[in-house]
Amino acid sequence: MRSFFAVCMLIAAAQAKPAPNVRRQVAASANLLTDISTISQYWGQISPYTDNPEDYFGVVDVGLPNGCQIEQAHSLQRHANRFPTGGDDDGGNDQNFAAKVMNYTTANPSSSFTGPLAFLNSYKYIMAQSYLTGLGASTEFMAGVTFWNRYGRTIYNASVGQLAYNASFPNGTARPKPVLRTTGQSRIENSEINWALGFFGPSFQIVPDPSLANATSPFNVVIIPEGGTENNTLASYDSCFNDNDATIGYLGDDDLFKYIPLYLANATARMQQHAPAGFAFNTNDSYAMQSICAYETGYIGMSDFCTLFTQDEWDGFENTLDIEYFYDYSFGNPTGRAQGIGYVQELLARLQHQFITSSNSSVNSSLDNNAADFPLNQPFYVDFTHDDIIVSVLTALSMDYFRNPPTLNTYPPNPNRPFILSHMTPFGGRLITEIIGCSSSNPTAVTAHRTQYYPTEYGYNPSNATNKFIRMRLNNGVLPLNTLRGGMCKNRTDGMCAMDSFIKSQAGAYALSNYDFACFGNYSIPDPTNGEDYDGTISA
């Protein structure tokens, strides 16, 4: 990781196509924003989880058609609220600011911050690094409950009043144990543990059972190592070496630090008005204050830093994070597709009931070549991962809805830009692929949501539901599969795509990733901050 001060040397005074849905109104006034429920919408990938409206991504018809039912679900589940990492644009900057304040107040006990900054006179930075927080654990628990309610009930034809998964068939014989997959990183594995407590329900049985065995017996877990150079589709940067290159892997970080002075100059001047003589605020300090607000709220549920900025300044904060991820992990980075292609290959293998016996990507074929670690025909799959992996998977799929880049030089940014991380990868975010069986090869789209109370509602009959469709949801919002490149899924208005068409749409995905050269090739980026759209790949 590059030095924070080295990055600071890059700082200098330096449109997206509107999304179909109006996300929020941007305040014209410079009044400080104090409503935390609004403020927390602007924290990008460190935002608290909130469901998107089903039509958020522009899909008009979100109901399930007559004669159709969800028969299988695949979830790529992000960990939830964590402490900051040590990165220069994350916890590193936060800790530098906190140390700057404490060093000053310790050395100058008779000088004081005033007004809204008076709390800094006795402030102590109380956060650790990287680990899942208690609020994060509760978010994952709720994600497991929600997955049972939305998918498990109908997939397993739940009995009346059934609260969670039942490890036995109705006749009392044991079901095959589902397999969950996680990386070995602490916050990822802890997310899996808490999600499982919600879905499998051992913590809210009618007859309470406090035994540890009760909490782990209904399922198996595959833990894929993370942190070295091993293949791991859920942490694919480990085996994609160019993602760790000091230039290639940090295009978005460099852009982020260039945007900070553009939107935080006024805020920094406001802070200076309440600073004692001898303490000089800079724009990176103001940026740290915004970041600490989000992290403290995700740790203890509150923060005195949160009411110090305007709505435009919060939108600017989120835009920096959108910039970082678009140019580090999406279409704006040469490794964007390569980092997501491994999970796409695994999804396609599961859809086609195939093991993966050799790897040409981040797939770990020693795990994906057998039923114990990579079961086929499982009613549901849940893989626990990171935010950047979800972004790269959407890129590898060629979901062109998200190809419009965030602005590098306009403030305030367009509030309705398509690539907004708080709607894509908030803490606890999830990309869910639904397999839908239908009696018709062209079922009539249904506009309004309608709850599926039991599997055979609205005319579904598994014996004649021979037509299979794919529908994908990102944090509940139905994704527009008609924007998948190539037009194979363009003929419907409800986000559904015939499975064979979806599979055909991905026929060239691996080749387009140019995995070997993107991850291991010897190439350079001549102008790292020019905002180039690489289409997530690079040619030799």
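The values are calculated or read from the model by the stated rules, or taken from the named source; none is laboratory data. In this text, all values refer to a predicted model and were calculated from it rather than measured experimentally. Every residue, glycine as well, gets a Cβ built from its backbone with ideal geometry; the counts of neighbours run over all protein chains shown. Note: accessible area is taken over every heavy atom of the protein model, side chains too, but ligands, DNA and RNA are not part of it. Shrake-Rupley method; radii C 1.70, N 1.55, O 1.52, S 1.80 Å.
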### Close pairs (9 angstrom Cβ cut-off, 6 or more residues apart or separate chains): within 20 Å of Phe219 (Cβ to Cβ) and at pLDDT 95 or above in segment 362-374, small (Gly, Ala, Ser) and open to solvent by 40 Å² or more (accessible area, probe 1.4 Å) anywhere
Asp368/Ser359; Asp373/Ser366
### Summary
Selection from segment 504-540 of residues open to solvent by 40 Å² or more (accessible area, probe 1.4 Å) and among the aliphatic types (A, V, I, L, M) yields Ala507, Ala511, Leu512, Ala540
#### Entry: Whichever residue in segment 250-265 is touching a Ser or Thr at 6+ places or on another chain (Cβ under 8 Å) and surrounded by fewer than 23 Cβ atoms within 10 Å (Cβ to Cβ) and, among such residues, is farthest from Phe326 (Cα to Cα)
Ala265
### Query
Out of Phe113, Phe119, which single residue is within 24 Å of Gly91 (Cβ to Cβ), in contact with a Pro (Cβ under 8 Å, 6 or more places away or on another chain) and not aliphatic (A, V, I, L, M)?
Phe113
### Message
Could you list, ordered by first residue, the pairs with Cβ atoms under 7 Å in which the first is in segment 422-441 and on the phi > 0 side of the Ramachandran plot and the second is among the aliphatic types (A, V, I, L, M) and in a helix (DSSP H, G or I), at least 6 apart or interchain?
### Response
Gly428/Ala143
### Query
When segment 34-55 is examined, which residues are found to be surrounded by fewer than 20 Cβ atoms within 10 Å (Cβ to Cβ) and in a loop (DSSP other than H, G, I, E, B)?
Thr34, Asp35, Thr50, Asp51, Pro53, Glu54, Asp55
### Task
Kindly indicate which of Ser366, Ser362 is out of contact with any strand residue (DSSP E or B) (no Cβ under 6 Å at 6 or more places or on another chain) and surrounded by 22 or more Cβ atoms within 10 Å (Cβ to Cβ).
Ser362
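Residue-by-condition table, conditions (1) of a type in the set (Val, Ile, Thr); (2) open to solvent by 30 Å² or more (accessible area, probe 1.4 Å); (3) under 16 Å from Ser303 (Cα atoms); (4) at pLDDT 95 or above:
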{"position": "Asp88", "(1), (2), (3), (4)": "no, no, no, no"}
{"position": "Ala107", "(1), (2), (3), (4)": "no, yes, no, yes"}
{"position": "Ser110", "(1), (2), (3), (4)": "no, yes, no, yes"}
{"position": "Gly136", "(1), (2), (3), (4)": "no, no, no, yes"}
### Summary
Per the list (1) out of contact with any Asp or Glu (no Cβ under 6 Å at 6 or more places or on another chain); (2) outside any loop (DSSP other than H, G, I, E, B), residue check on Arg450 breaks on (2)
### Message
Need the failing condition index for Trp148 against (1) assigned to a helix (DSSP H, G or I); (2) under 30 Å from Leu321 (Cα atoms); (3) of a type in the set (A, V, I, L, M, F, W, C), just the number.
### Response
(2)
### Query
Conditions: (1) farther than 23 Å from Arg175 by Cβ; (2) assigned to a helix (DSSP H, G or I); (3) open to solvent by less than 20 Å² (accessible area, probe 1.4 Å). Leu348 meets all but one. Number of the miss?
(3)
### Message
Suppose we keep only residues that are closer than 17 Å to Ala235 by Cα and among the small types (Gly, Ala, Ser) within segment 68-86. Which one would you say is surrounded by the fewest Cβ atoms within 10 Å (Cβ to Cβ)?
### Response
Ser75
### Message
I'm told Thr433 meets every condition in (1) of a type outside the set (Lys, Arg); (2) part of a helix (DSSP H, G or I); (3) within 29 Å of Gly227 (Cα to Cα) except one. Can you identify the failing condition by its number?
### Response
(2)
### Message
Tell me the residue from Pro413, Pro426 that is over 21 Å from Asp55 (Cα atoms), in contact with a Pro (Cβ under 8 Å, 6 or more places away or on another chain) and buried (at least 19 other Cβ atoms within 10 Å of the Cβ), please.
### Response
Pro413
### Query
Is it the case that Pro480 is open to solvent by 50 Å² or more (accessible area, probe 1.4 Å) and either in contact with a Phe, Trp or Tyr (Cβ under 6 Å, 6 or more places away or on another chain) or not aromatic (Phe, Trp, Tyr) (or both)?
no
### Message
Take the conditions open to solvent by less than 10 Å² (accessible area, probe 1.4 Å), closer than 15 Å to Asp89 by Cα and not in a loop (DSSP other than H, G, I, E, B) and apply them to Leu234. Does it pass?
### Response
no
### Query
Can you name the condition, by its number, that Ser463 falls short on among (1) closer than 16 Å to Gln69 by Cβ; (2) of a type in the set (Gly, Ala, Ser); (3) crowded, with 20+ Cβ neighbours inside 10 Å?
(3)
### Checking Tyr381 against (1) at pLDDT 95 or above; (2) farther than 26 Å from Leu135 by Cα; (3) surrounded by fewer than 24 Cβ atoms within 10 Å (Cβ to Cβ); (4) of a type outside the set (Val, Ile, Thr), the condition it does not meet
(2)
### Task
Would you confirm whether any residue within segment 392-410 is part of a loop (DSSP other than H, G, I, E, B), in contact with a His (Cβ under 8 Å, 6 or more places away or on another chain) and open to solvent by 10 Å² or more (accessible area, probe 1.4 Å)?
no
### Query
Within segment 215-230, is even one residue at pLDDT below 95 and in a helix (DSSP H, G or I)?
yes
### Message
Can you say whether Pro418 is in the same structural domain as Phe380 (by the TED database), crowded, with 20+ Cβ neighbours inside 10 Å and not aromatic (Phe, Trp, Tyr), as far as the supplied structure shows?
### Response
yes
### Task
Enumerate the pairs (first residue in segment 208-226 and closer than 13 Å to Asp373 by Cβ; second residue anywhere and open to solvent by 70 Å² or more (accessible area, probe 1.4 Å) and part of a loop (DSSP other than H, G, I, E, B)) with beta-carbon separation below 8 Å, excluding pairs fewer than 6 apart on the same chain, so at least 6 apart or on different chains.
Asn220/Lys177; Asn220/Ala372
